[in-house]
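Reviewing the structure listed below.
We did not get these values from a lab; they are worked out from the coordinates using the rules stated. None of these values were measured; they are calculated from a predicted model. When we count neighbours, we look across all protein chains shown, and the Cβ atoms used for this are built from the backbone with ideal geometry, even at glycine.
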Amino acid sequence: MRSSDRAFVRADNLDVLRELPDGAFDLVYLDPPFNSNRRYGLDRGQPDRAFRRGRRADGPWGLAFDDAWRWDEETAAGFHGLLQRLPPGPRELLATLRQALGAGDLLAYLAMMVPRLVELHRVLAPTGSLYLHCDPQASHYLKLFLDSIFGADRFRREIVWRSGWVSGFKSRVPNWVRNHDTLLYYTRGPRFVFNKEAAYQPHPEGYQRRGGGANPRGVALDDVWTDIYSPWIMSFSKEKLGYPTQKPMALMERIVRVSTRPGMRVLDPFAGGGAALVAAEAMGRRWLGIDSTHLATAMIRYRMLWRFGLDRSRFPVHGEPHDLSAARALARNDPLQFGWWTLSLVHARPLGAGRTQEPGAGPRIEGALPASAGVLDDETPPALAPGSAAEIPWGMEGGPPWTLVIVQAVLRPADLPDLVQRARELGAQRVLATALELPAGATAAAGAVAGQGRFGWAAPEDGVQLVTLEDLLRRDLTPALIQRPLPQLHLTPQPQGPRGRKGRRAGPT
Ligand SMILES: C[S@@+](CC[C@H](N)C(=O)[O-])C[C@H]1O[C@@H](n2cnc3c(N)ncnc32)[C@H](O)[C@@H]1O
């Protein structure tokens, strides 16, 4: 595929959708916020159990995205204008629901969703399909809007996806345990792509039909899917990246395989950790992903490189800083997003964020870079071939060597011992640190070394490698990072302060 066959835009999807041509996509898969009234945090996984999903989701440090909708002055002020821009059907419906439900948080959520559904219908090809992934919180309202936008006769199925088994605190609710998501499946027209031969499930092992004659393809899939588990319920799933609400590859592959053919175009406007895009790439489909956060961009860059060898020159990402002054502005306005973006420059997997020791110095962002040797260029296939277990295992302890990537707005020499300590705690073998401002002298040294075809500067602290943000921006250092593994950390025990280091170190909060 050519690089123009893949693209990612970090932006509000409504702005992007309005720019896209009519009928450009064969499949739209969207997994928007569900109106769950929750804020979702990145989950670091095994190495740091304090940073579990949901526990710190309300602090600024681990926030991935917000799914709490409020009817506030801004929504109220924009509501009339929004109605004017909608086609008559959804406009009447939204106005009626305002009367019926009142101007509250549910209406705010629907006011966000409806204009996007209108645009998604417009960009769908005449034979295209749309799958809206949601849950029972708002699925009945979304279905009304889809009926009014697509026409009720374009509704094909409501798929119930049972995501696994429920245990622990979720099973103790004084209610029936909730255990499914809903996928609303619509097509743009009466004729649509549906590869029936891919919509079968193999017979269970040893299955024999009485009298013979079993269908060799297996059993035709129905609209209740119980055979695919969410990576979230499997504690040792290799697929799990810590992105909250991450969907399983098997689910995405089923949808892409059945509703598109190779070379067709897939759009995911709420891309998150990028499962739909990874499935599209794996199956030779063209794709466009959109997400408003740099965290999602970083996850997707990480997955595209480590699974397919696609570095940033091989698929364009729009909506990112392209020079130092834009990077500085991002660091000032949103230090967390600045950190995720910087991780994405080296294709590191976002792990989490914590506070630095210095009051007011902003967050310390942490990422992971597999330290596998492999040349990622056109001539040589990537060392990590498609389909291999390329992603770092969830519990990285005992896995292959990896590099802890650290991003801070300002990095001081006094921080360096702390970085080594952090790598020890997480089981990383090396540290690569970058910042807008490096310790005195480091910038010049890094520049000189980079000029000689290397990428870093060995800090006085053993095993910590510094790289300037300027260097990261100037050229893609990922191939260099992969070809030339960083020096091993000399993990000399750190002196314990009177309060113990744990109380002072940076780390997820
Ligand atoms: C439920 S998650 C998607 C998870 C994804 N399907 C996966 O498998 O990882 C929803 C995503 O929508 C993004 N998002 C929310 N509002 C958005 C908007 N207006 N424009 C673009 N992205 C948005 C959030 O940042 C979040 O990543």
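If you keep only loop residues by DSSP, which GluC sites (Glu not before Pro) in region 122-227 have at most 10 other Cβ atoms within 10 Å of their Cβ? Write out the running numbers ahead of the final one.
Numbers: sites: Glu158, Glu197, Glu205; in loops: Glu205.
When the GluC sites (Glu not before Pro) of region 122-227 are filtered for loop state and at most 10 Cβ neighbours within 10 Å, Glu205 remain.
Give, in nm to one decimal, the length gained when the segment between Ala326 and Ala414 is fully stretched (0.36 nm per residue of separation minus the Cα-Cα distance). Spell out each step's value before the answer.
Working: separation 88, 0.36 × 88 = 31.68 nm, distance 2.74 nm.
Going from the current span to full extension adds 28.9 nm.
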Loop-resident sites, region 121-201, for trypsin sites (Lys or Arg not before Pro), counting at most 15 other Cβ within 10 Å (DSSP): Arg178, Arg191
Rough spin-label spacing in nm, given labels placed 7 Å along Cα→Cβ, for Asp222 and Ser313: 5.3 nm
Full-stretch length increase - Glu19, Ala77 - with 0.36 nm per residue and alpha-carbon distance subtracted: 18.4 nm
For Ser167, Ser148, Ser344, order by how many other beta-carbon atoms lie within 10 Å, fewest first: Ser167, Ser148, Ser344
Distance between modelled label sites at Phe194 and Arg70, nm, 7 Å Cα→Cβ extension: 4.4 nm
Over 20 Å [Cα-Cα, region 89-217], rounded percent: 60 percent
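Could you please rank Met283, Met304, placing first whichever residue has the fewest other Cβ atoms within 10 Å of its Cβ? Walk me through the numbers before you get to the answer.
Working: Met283 16, Met304 24.
Fewest-to-most Cβ neighbours within 10 Å comes out as Met283, Met304.
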Virtual spin-label span in nm between Ser171 and Phe155, 7 Å along Cα→Cβ: 3.4 nm
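Would you order Phe169, Phe34, Phe8 from fewest to most other beta-carbon atoms within 10 Å of each residue's own beta-carbon?
On the way: Phe169 7, Phe34 20, Phe8 26.
Placing the least packed residue first, the sequence is Phe169, Phe34, Phe8.
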